[in-house]
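Here's the structure we're looking at; comments come further down.
The values are calculated or read from the model by the stated rules, or taken from the named source; none is laboratory data. Bear in mind the structure is a predicted one, so any value in this text is a computation, not a measurement. Methodologically, a virtual Cβ is constructed for each residue, glycine included, from the backbone with ideal geometry; neighbour enumeration extends over all protein chains shown. These accessible areas exclude ligands, DNA and RNA; they are computed on the full protein's heavy atoms, side chains included. Shrake-Rupley method; radii C 1.70, N 1.55, O 1.52, S 1.80 Å.
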Amino acid sequence: PALMAYEGITAPVFYMALCLGISQATSVDLVPSAVKTLSWAPSPVSVFLLFLVFDLLMWHIHWLQHKWRALYKATHYWHHTIASPTMLVALTGHLPDTCLLILVPLHATLFIVSRANVADVFLFAGLALLHLHMIHSEFYHPWDAALRALGLVDTTAHHGHHLRPRTNLAHFFVGIDKLYGTFFDAA
């Protein structure tokens, strides 16, 4: 059920299909070259850049959502009604939040990291979905210590965000929160 929630997987797929339809019907090309480059050889550098750019864009939007009360209420508030996240609710939320916090930075990232190809995008999307499920988990994972050692967001860091909502705004790289002074060590 959570995978089919409109704001989880369905919204991004519908959004990309809509962009493709608009691009085909008009002269406005909304499809990033990363999606049109049909190479099946992933590049670790491109995948890393997809994560970095996406997380930086998401951080700024996430920060704005928590700073601007009207925007928070209209979009992100619903995510924080969940006091203790679980894997089943990782992809459920509020459609305006999904559009603003996921679709906008995703689309921009795919244009910014123009050297990426379809293999990079699929690898990035699969790993990002897996990671987002894991950090919303109700239990700790054997690899959380490894994620923490690598400077990546783990279950504890994201749960820290739910304890102190204006902290730990990054979804992948803890260093972004440390750079901006929003890191909270929830361990």
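Descriptive notes on the structure:
- The residues in segment 159-187 that are in contact (Cβ under 8 Å) with a residue 60 or more places away in the chain and farther than 22 Å from M87 by Cβ can be counted, and the count is 5.
- Some residue of segment 162-184 being in contact with a helix residue (DSSP H, G or I) (Cβ under 8 Å, 6 or more places away or on another chain), open to solvent by 40 Å² or more (accessible area, probe 1.4 Å), at pLDDT 90 or above and of a type in the set (A, V, I, L, M): no
- Residue match in segment 61-80 (condition: over 29 Å from G181 (Cα atoms), open to solvent by 50 Å² or more (accessible area, probe 1.4 Å) and not charged (D, E, K, R)): no
- Filtered residues of segment 129-149 (kept if touching a Ser or Thr at 6+ places or on another chain (Cβ under 9 Å), more than 11 Å from F173 (Cα to Cα), open to solvent by less than 90 Å² (accessible area, probe 1.4 Å) and not polar (S, T, N, Q)): M134, I135, H136, H141, D144
- Every residue from segment 131-153 that is of a type outside the set (A, V, I, L, M), at pLDDT below 95 and within 22 Å of H60 (Cβ to Cβ): H131, H136
- Residue check for L152: within 20 Å of K178 (Cα to Cα), open to solvent by 10 Å² or more (accessible area, probe 1.4 Å) and within 15 Å of the chain's Cα centre (by Cα): yes
- All of V104, V113, V118 fail the test of being under 27 Å from V35 (Cα atoms), surrounded by fewer than 21 Cβ atoms within 10 Å (Cβ to Cβ) and touching a Leu at 6+ places or on another chain (Cβ under 6 Å), apart from V118.
- Candidate set: segment 68-85, residues that are among the hydrophobic types (A, V, I, L, M, F, W, C) and closer than 18 Å to T155 by Cα; chosen: the one farthest from the chain's Cα centre (by Cα): A83
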